[in-house]
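Undergrad: Below is the structure I would like to discuss, written out as C-alpha cells.
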Amino acid sequence: MGIRGGQGRDRRRPGDEDLSGPGVGLRRHHHVRRQAEADRDRFRRVRGRGRAGRPRDPAGDQDPAQVLDQHRSAGRGRGTALSADTELWPEGSVQAKAIAHLRAGDPVLKSLVDEIGVDGLGDPRAGRPRDHYGALVRSIVGQQLSTKAARSIYNRLTDRFGGRTPTPAEVLADDPEELKAAAGLSRAKVSFLRSLAEHVLQGSLELDRLDELPDEDVIAELVAVRGLGVWSAHMFLMFHLGRPDVLPVGDLGIRRIVMRRYGLDELPAPAELESIAEPWRPYRTLACRFLWRSLDATPA
C-alpha cells in the first residue's frame, strides 16, 4: 500500500455494535439498514468540519466529510466508468490522448511521465479480484499494509476458502478467532469483513448498483460499512470501477510527492491539491498513478 498517514492501526467508531460474535441474526436486519442509512445521511450532511465519532481514513488525515466536500466542490461527483472497449487503462489513441493532455498541461507532470513512461505503470488490477465484493474484501485486508504483506494475508484468507474469496455467508459463518488466526488478520479487520458481509447480505449495500452511481454516491454507499473510509472508496473508484478522474486528496503518498515535486514547504491541503491537479482533468486517476509509481508506492 502507499505511504500512509499517522493512522497506525485499524479503528472503529465509538458506539458501533460488536459484530465479532458467531453469526449475525436476522433480528438485526432493521438495525443494520437503519444504521447504514443514518451513516450515509450523516456523511452527506456534514460539511467543512470534523465530526466526532467518524473514523479517519487509513491513508490520510482528512475527515471523511471534509474530503467529500472537496470532492463535490471540484465537480467530480458525476464521474462514470470507462467503457468496456477502453478498459481501465486504455491503449492506443485513447491512452495517447490522456498522456498528451497530462504532458501538455503541467510541466512538472510532463517530466514525471517522461521519466516513468507508460510501460512503467504496470497493471494495477494484477492479482486483484474483478468482482465488487472481492475487491472490497481485498481493500479491507490491505489497509495499513505494504503491497507484499497485503498480498500474503489475502492469499492466506483465500486459501482458507479453497483458493477463492469467501462469500458473505461464509465470512459470517466462520469463527472470528479462527479466521483471524488462519489469515493473520487483526480483530478489527475481521470485524470490518463481517460488517461488509452483513451489509451485502441484508441489502443495505447493493453492489450491482455501484457501476451506475456517480462517484460521490459510491463513496456514500461504501463509507456506511465499518472499515471502509473515503480513501478506500477512492481506491475502489480508481482501481476497480475505472473512474478516470478521481483525485484522492487524503492520500499521504500523493501529498508527499506533490510537495516534493512542486517545491512546497509543507504537505498540500485538499484545496491546494485540487488546485494543483486542475490541469490534469479529466485524467486525474492516471496522473495519480504516475505520482504513486514515482514513489514505488501504488496502494495495496
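Throughout, read-outs are computed from the coordinates displayed, never taken from laboratory work. Please read all numbers here as calculations on a predicted model, not as lab measurements. Backbone-built Cβ (ideal geometry, glycine too); neighbour counts: all protein chains shown.
Undergrad: Taking the Cα centroid of segment 131-181 and of segment 242-283, what is the distance between the two, rounded to the nearest whole Å?
TA: 31 Å
Undergrad: Give me a comma-separated list of calculated 3J(HN,Hα) values for segment 279-291, in order, Karplus coefficients 6.51, -1.76, 1.60 applied at θ = phi - 60°, integers in Hz, x for any Gly or Pro.
TA: Using θ = phi - 60°, the values come out as x, 7, 4, x, 10, 5, 4, 5, 4, 5, 5, 5, 5 Hz.
Undergrad: Calculate the spin-label point distance for Lys148 paired with Ala104, positioning each point 7 Å from the Cα along the beta-carbon direction, and give it in nanometres.
TA: It is 4.2 nm.
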